[in-house]
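Just below is one structure, and these are the notes that go with it.
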Amino acid sequence: MSGEAITIEYQRTPDDMARFCAKSYFKRTGTAGRFKNSLFSNLRGMLAGICILFAVLLFVTMADGQSVPDVFMLTFAVFSTPFLWIFFGACLAVCVLPSLFKCESCVYRRCRKSFGAGENPDKPSVFYCQKTLTLSPDTITEESAYGRSDLFWTVVSSVEVLDGFFCLFIGGTDGGYIVPDRYFASAAEKQRVYEQCLTWHEVAQEKAA
């Protein structure tokens, strides 16, 4: 296979992309990353809630004819109540702790809804249509009923194998050429394609350096 062009005909489905989305997300973030993202996201939401609560208190007390000092005294009394912070802490724990046990199937179901929205099986979009991917030492060519694209290996950010997919990422880990495993005759063939593409990619990066 060394030096020879590799041709792969494939067609992705919304289910393929949902599975890829879930696997890529778990590989990229890890448990610590998911916990941190969930923590900061919920803290921002709670901060917004506290600001809204303060605005409501301000409006109610001012409408009742209270003075500005009285407003701040009432606000201090409300926010110094331990039960309020216990409530916020419990809400934060309920929202954040599940991220430590978040399952891949949960992410898959959410992605599946997104990727399947508006897709017509009888007339696949450019994202899901039948494609022919030709990999050669110099270029990557993809052809479909919608047209043709030619790219050099220097634009590929990484060559990776995920569980169920062969990936040539462009500009990050979310986009590029994503080929499901079923379009390879065997796991050994997929591995050979991966190793050959990795070699071409490394050579291209060395030439560009």
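The values are calculated or read from the model by the stated rules, or taken from the named source; none is laboratory data. Computed from a prediction, not measured in an experiment: that's the story for all the values here. So basically every Cβ, Gly included, is an ideal-geometry build from the backbone, and we count neighbours across all protein chains shown. Protein only, heavy atoms only, side chains kept; ligands, DNA and RNA dropped before computing areas. Shrake-Rupley method; radii C 1.70, N 1.55, O 1.52, S 1.80 Å.
Pairs K27/K190; K23/K207; K23/K190: which exceed 22 Å Cα-Cα?
Values: K27/K190 20 Å; K23/K207 32 Å; K23/K190 18 Å.
From K27/K190; K23/K207; K23/K190, over 22 Å: K23/K207.
Name the shape class, rounded, prolate or oblate, that the alpha-carbon gyration tensor gives for region 124-209, where a ≥ b ≥ c are the square roots of its eigenvalues, rounded holds for a/c under 1.5, and otherwise prolate holds if a/b is larger than b/c and oblate otherwise. Before the final figure, lay out each step's value.
Numbers: a/c = 1.68, a/b = 1.17, b/c = 1.44.
Note, shape of region 124-209 comes out oblate.
To the nearest 10 Å², what's F20's accessible area with a 1.4 Å probe?
Approximately 10 Å² for this residue.
Could you do me a favour and compute the accessible area per residue for region 134-209, 1.4 Å probe, result in Å²?
52 Å²
Pulled fully out, how much extra length does the chain show between N120 and E195, if you take 0.36 nm times their separation in residues and subtract their Cα-Cα distance?
On the way: separation 75, 0.36 × 75 = 27.00 nm, distance 3.56 nm.
Gain on stretching N120 to E195: 23.4 nm.
Please find the FRET efficiency linking Q205 to M73, where r is the Cβ-Cβ separation and R0 is fixed at 45 Å, and quote it to the nearest 0.05.
Efficiency, from the Cβ-Cβ distance: 0.10.
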